[in-house]
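Remarks on the structure that follows.
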Amino acid sequence: MLMDDMGWGDLGINGQPSKETPNLDNMAKEGTLFTDFYSANPLCSPSRAALLTGRLPIRNGFYTSNYHGHNGYTPQHIVGGIPDHEILVSELLSSAGYTNKLIGKWHLGQQEQYLPLKHGFHEWFGSPNCHFGPYDDKTTPNIPVYNNTEMVGRYYEEFAIESHKYLSNMTQYYIQEALDFIERMERNEKPFFLYWAPDATHSPVYSSPMFRGASRRGPYGDAVMELDYGVGVIIQKLKQLGLDKNTLVLFSSDNGAAMIGSAFENGSNGPFLCGKQTTFEGGIREPTIAWGPGFVQQGQVSHQVGSLMDWFATALDLASIAVPKDRIIDGVSLLPVLNGAAEFDRPIFHYRGNALFAVRFGLHKAHYWTWTNSWEEYNTGITFCRGEYLANVTTHEQVNRTLDPVVFQLGRDPGEKHPMKSSTSEYKDAVMTMNSIVEKHMETLKPGQPQFDWCDDSVMNWAPAGCEKLNKCLPIPKSNLQKCVWPH
């Protein structure tokens with residue numbers, strides 16, 4: 001279960017005052033709550049590619065080389081996508097007899113060769129891109145919704161989103177698709193992998209009429225409440241069918257909550273600094289829960305430092321599938337930790353685009369580069385750290401701190417508010433350790449071919465497979481291949 005732009009502080013179990021996530025809170029009580037869990041990137045597409053490949057975006061190609069340290073993703077005019085030579089967990093599970101379904105947002109490329117049924121999934125209901133829009137279907141096509149290999153409509157057309165009212169039934173469709181799939185797999189006695197990736201908490205946020213106005217927090221809170229409801233009914237279905245003892249359920253988010261707009265549409269990152277797009281804790285620390293009575297110790301609060309990439313190795317471990325040996329896999333299996341084994345130290349590398357911005361090891365985190373966004377953007381009202389400012393840390397210029405990293409001790413200072421003094425022995429020891437870790441990391445780093453360098457309007461969703469059956473094919477414009485522009 002991978003949410004979209006949901007923040008660490010959006011869960012009641014993590015301290016959200018409104019306590020509007022009873023099902024997720026109960027999931028944590030019946031399973032393991034991870035307090036120190038990270039996305040592999042502060043933006044959607046690279047994070048999702050890392051989840052499915054177990055590899056950092058710098059290795060699997062989900063970055064841009066057009067700029068230093070700028071984020072990129074897969075809007076519908078991107079030319080690139082998930083490369084064929086990358087091995088997805090879905091492909092490995094498929095080869096072991098699992099039936100795999102994606103429900104919701106893919107975001108690893110919208111061209112046919114990049115779609116999920118080309119990469120180990122057997123079924124798909126959802127979209128290749130974010131639910132941005134509405135568009136005019138002339139200069140820009142509305143995003144298609146697929147059922148397996150063919151589109152069955154478009155957002156804002158057959159699949160209504162009333163963004164000005166924050167209304168859509170998409171989450172209800174995604175919930176029902178999940179329930180139907182689980183029931184079918186149980187009847188057929190098939191092992192399955194369900195990747196449930198609703199995107200209601202991504203701006204423009206939405207919920208169905210039954211949840212609209214239910215939250216004290218406004219439209220964003222309504223979306224969270226509906227997703228929480230979905231988590232509850234899916235887990236209840238597993239229990240009802242007797243699948244709970246033999247199923248592992250993982251809940252997390254692709255990156256931190258956005259802090260770019262008003263709190264009306266953005267989530268909460270709790271005590272953490274800044275949000276989506278940044279490598280500060282608010283942009284990368286995720287609300288994460290593991291549940292499964294047969295595999296997960298009940299009521300455990302784990303401080304194990306983890307990454308979305310770990311679910312790749314964990315799933316393979318659970319299915320008794322060997323991890324690929326012909327490439328570096330950055331994720332590690334957390335199955336022993338879920339069973340109550342001792343926590344262990346390991347480094348977590350935080351990239352922004354093609355640049356290593358920060359590293360965490362133990363309770364220390366070193367920032368080798370600092371940046372939020374440019375002064376030009378900031379002066380137009382765009383900020384990734386709404387209401388937060390820390391001198392020489394939340395900078396609006398890229399500042400190279402390689403020779404004097406900004407270090408925080410996250411046990412004492414989880415909100416990254418008080419940089420350690422460089423004169424202390426603790427700082428010097430931490431930097432020495434971090435520098436050694438970074439040096440070793442760079443020795444083995446072989447960046448993949450960047451997938452976010454080139455854009456072209458002709459590759460947008462003009463005529464997806466199945467459009468002719470619906471009379472929804474649109475004229476494809478001439479190619480205008482150009483370097484993608486990534487402002488931050």
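The values are calculated or read from the model by the stated rules, or taken from the named source; none is laboratory data. Everything quoted here is computed from the prediction, not taken from an experiment. Virtual Cβ from ideal backbone geometry, glycine too; neighbours counted across all protein chains shown.
A few notes on this one:
- Unique residue being over 24 Å from ILE329 (Cα atoms) and either touching a residue at least 24 places away in the same chain (Cβ under 8 Å) or in contact with a strand residue (DSSP E or B) (Cβ under 8 Å, 6 or more places away or on another chain) (or both) when the list is GLY97, GLY81, GLY104, GLY109: GLY104
- Residue in the range 64-72 that is touching a helix residue (DSSP H, G or I) at 6+ places or on another chain (Cβ under 9 Å) and either farther than 30 Å from ASP413 by Cβ or not in a loop (DSSP other than H, G, I, E, B) (or both) present: yes
- Residues satisfying the stated conditions in the range 38-63, i.e. outside any helix (DSSP H, G or I) and more than 17 Å from THR278 (Cβ to Cβ): GLY54, ARG55, LEU56, GLY61, PHE62
- Of all residues in the range 184-202, those being hydroxyl-bearing (Ser, Thr, Tyr) and either surrounded by fewer than 20 Cβ atoms within 10 Å (Cβ to Cβ) or part of a strand (DSSP E or B) (or both) number 1.
Results for (1) charged (D, E, K, R); (2) surrounded by 15 or more Cβ atoms within 10 Å (Cβ to Cβ), shown as yes or no for each residue.
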site: ALA313; (1), (2): no, yes
site: GLY331; (1), (2): no, yes
site: GLY340; (1), (2): no, no
site: HIS350; (1), (2): no, yes
site: ASN354; (1), (2): no, yes
site: ASP413; (1), (2): yes, yes
site: SER422; (1), (2): no, no
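- Qualifying positions in the range 343-379 - modelled with pLDDT under 95 and either among the β-branched types (Val, Ile, Thr) or under 30 Å from GLY294 (Cα atoms) (or both): none
- When residues of the range 216-244 are limited to those that are hydrophobic (A, V, I, L, M, F, W, C) and not in a helix (DSSP H, G or I), the one surrounded by the most Cβ atoms within 10 Å (Cβ to Cβ): LEU243
- The residues in the range 98-115 that are within 27 Å of GLY230 (Cα to Cα), surrounded by fewer than 20 Cβ atoms within 10 Å (Cβ to Cβ) and not β-branched (Val, Ile, Thr) can be counted, and the count is 0.
- The set of residues in the range 367-395 that are of a type in the set (S, T, N, Q) and touching a strand residue (DSSP E or B) at 6+ places or on another chain (Cβ under 9 Å) comprises THR370, ASN392, THR394, THR395.
- Test for TRP375: is it farther than 30 Å from TYR206 by Cβ, surrounded by fewer than 23 Cβ atoms within 10 Å (Cβ to Cβ) and in contact with a His (Cβ under 6 Å, 6 or more places away or on another chain): yes
- Hits in the range 440-474 (condition: closer than 23 Å to ASN148 by Cα and either in contact with a helix residue (DSSP H, G or I) (Cβ under 7 Å, 6 or more places away or on another chain) or in a loop (DSSP other than H, G, I, E, B) (or both)): MET460, ASN461, TRP462, ALA463, PRO464, ALA465, GLY466, ASN471, LYS472, CYS473, LEU474
- Considering residues of the range 432-472 that are out of contact with any Ser or Thr (no Cβ under 6 Å at 6 or more places or on another chain) and of a type in the set (Phe, Trp, Tyr) only, the residue nearest to ILE143 (Cα to Cα): TRP462
- Top-ranked residue of the range 4-59 - restricted to ones that are of a type in the set (A, V, I, L, M) and in contact with a Pro (Cβ under 7 Å, 6 or more places away or on another chain), ranked as farthest from MET170 (Cα to Cα): ILE58
- Restricting attention to the range 1-37, the residues that are in a helix (DSSP H, G or I), polar (S, T, N, Q) and more than 13 Å from VAL231 (Cα to Cα) add up to 1.
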